[in-house]
Amino acid sequence: LWVDSRYQSSLYQDSALTTPSAADADPVGGWQDQSGTGNHALQTTAGKRPLLKLAIQNGKSVLRFDATDDFLQATLVSTLVQPCTGFIVCKTTNVGRGDAFYDGHLAVQNLFDSDGTHYRLVSGGTITGPNMDTSFHVCTTLWNGASSSIRIDGSETTGNPGAPNL
């Protein structure tokens, strides 16, 4: 799965990927996978779609989730092997609420989860990283057995969260 906001043409208002999201506050019901594997991030329920917001961070567009029930879900069709890296730029406006970015389908494979206070990498076990705040952060996870890590703006915490059986 590779979704990239630099390719705004890969954002759609609907989960069928037919109506582009282009204007400020357009809903995003589909984010087209750029990897070529067809693992698009989708939301079929109109009221649970994040909004496209133009020129928010360093002139770049962002997706704004409502911190209540908005989400996009991608179902990966293959098992990822270690080492495996995940990367996201994100910000929360609601410290104290969990689930920054995760796979709710399997409920144990969380890429940038939170306990409401800290960023975490969860995959059977847990690596607890730095405290959450309301700033934008560059977040990276690396699943690599006992050498796994979560890195927030260069602050790295290592450990063994288990295998990413996505």
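Here, each number is a calculation from the coordinates, and none is a lab measurement. If you're wondering where the values come from, they're calculated on a predicted model, not measured in any experiment. When we count neighbours, we look across all protein chains shown, and the Cβ atoms used for this are built from the backbone with ideal geometry, even at glycine.
Here are the numbers for the structure shown:
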read-out: Lys91-Ser9 pseudo-label distance in nm [points 7 Å out on the Cα-to-Cβ vector]; value: 2.8
read-out: Proximal charge balance of Gly29 [Cβ under 11 Å; K/R count +1, D/E count -1]; value: -1
read-out: Interchain or long-range residues, amide H under 5 Å from Ser61's placed H; value: Ala55, Ile56
